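Asks: This is the structure, below, for whatever I ask next.
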Amino acid sequence: MLIAHMLAAALWTCSVALLPDYKPKTTAADVGEGVTYLYVGDRHLRDDYGADAVFTTPPDGRRGWYDSAIHFGPFDNEDVSAQIEISRWERFDYRPHIAIAWALPRSKTVEYKDTSLFVEDDRPHRLGIYVRAGSLRLVVDDRTICSAPASLFVRPSERKYFQIRTETSVLGRNSGAMVMQLRLKRDADRTPIAFYSHCIMHRNGIFWQERSPGIFAARGAFYPNESTFFTGLTADSRCKA
């Protein structure tokens with residue numbers, strides 16, 4: 001675990017502490033998770049681009065793991081990614097906090113680190129991922145939390161995509177999260193502009209539901225035997241335009 005922590009520290013430059021790995025005292029049977037995402041993307045993402053969205057996570061009296069995140073990677077390789085998230089789990093008595101996750105080319109392993117940054121329940125927080133000046137930046141409320149060389153994840157010539165995600169491992173539940181104000185910045189844009197997504201992945205019973213234009217709420221409930229499918233734009237191509 002110490003080696004993994006040192007490798008993470010070598011990869012990421014962070015303004016908050018990346019915490020050592022944590023092993024829960026008790027381990028329940030792993031039944032996976034229910035997850036949904038909204039697709040955000042375009043072809044015009046090369047050197048100066050990014051995406052963000054505003055998340056609200058409700059107070060949680062149901063003990064279990066919940067996560068809401070923005071996820072980024074190359075279009076043609078889903079094994080490579082970077083993610084920043086609001087997470088809650090046993091480690092902090094289920095208080096919401098910021099965590100990061102990533103997978104590098106050829107590793108085929110998703111790494112995860114909790115940070116020392118806590119956020120408030122029922123308050124909106126904007127999560128974002130931006131690539132600027134060769135740096136991939138994980139952003140919370142307009143503050144860069146961690147950064148790493150973008151070249152470790154993507155090449156300028158590669159197509160990229162973002163996902164607006166929420167997930168849970170609690171049977172019969174969803175995260176209760178809401179997301180709104182999705183934005184995308186393309187290279188030619190001076191500032192991020194509104195992005196309207198209708199392409200949604202439904203997995204194991206969890207899905208985003210559009211409550212009003214551009215405002216989505218987590219709906220459904222996690223059951224491992226529920227099917228996975230896509231609705232909306234280019235559903236046949238896994239929500240990638």
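Asks: Would you mind ranking Y22, Y39 so that the residue whose beta carbon has the fewest other beta carbons within 10 Å leads the list?
Replies: Details: Y22 11, Y39 24.
Fewest-to-most ranking of Y22, Y39: Y22, Y39.
Asks: I'd like the Karplus ³J(HN,Hα) series for segment 161-178: coefficients 6.51, -1.76, 1.60, θ = phi - 60°, whole numbers in Hz, and an x wherever there's a Gly or Pro.
Replies: Values, residue by residue: 8, 10, 10, 9, 10, 8, 7, 7, 10, 8, 4, x, 10, 10, 6, x, 6, 10 Hz.
Asks: Under the rule of -39500 (n - 2.57) per DSSP H run of 4 or more residues, summed and divided by the residues of the chain, what mean residue ellipticity at 222 nm is obtained, to the nearest 500 deg cm²/dmol? The partial results should precede the final answer.
Replies: On the way: 1 runs with 10 residues, N = 241.
Rounded to the nearest 500, the figure is -1000 deg cm²/dmol.
Asks: Here is a follow-up. Roughly what % of Cα-Cα distances in segment 36-98 sit above 17 Å, to the whole percent? Spell out each step's value before the answer.
Replies: Details: 1001 of 1953 pairs.
Summing the P(r) of segment 36-98 above 17 Å gives 51 percent of all pairs.
Asks: Please arrange S147, S68 by counting, for each residue, the other beta carbons lying within 10 Å of its beta carbon, fewest first. Mind showing how you got there, number by number?
Replies: Working: S147 20, S68 26.
Listing S147, S68 from fewest to most nearby Cβ atoms yields S147, S68.
Asks: Skipping prolines and chain starts, which residues have an amide H placed within reach, meaning under 5 Å, of the one on Y161, given they are 5 or more residues away or on another chain?
Replies: Those lying under 5 Å, H to H, from Y161 are G73, F75.
Asks: Another question, if that's okay. Gap in Å between the Cα centre of segment 147-180 and the Cα centre of segment 30-107?
Replies: 4 Å
Asks: Using R₀ = 22 Å, calculate the FRET efficiency as 1/(1 + (r/R₀)^6) where r is the Cβ-Cβ separation of S151 and F92; round to 0.05. Spell out each step's value before the answer.
Replies: On the way: r = 33 Å, r/R0 = 1.52.
In this case the efficiency is close to 0.10.
Asks: Of E90, E85, E111, how do they rank once you tally other Cβ atoms within 10 Å and put the fewest first?
Replies: Final ranking by Cβ density, sparse to dense: E90, E111, E85.
No value in this document is a laboratory result; all are computed from the given coordinates. It should be emphasised that the depicted structure is a prediction, and the values quoted were computed from it without experimental measurement. When we count neighbours, we look across all protein chains shown, and the Cβ atoms used for this are built from the backbone with ideal geometry, even at glycine.
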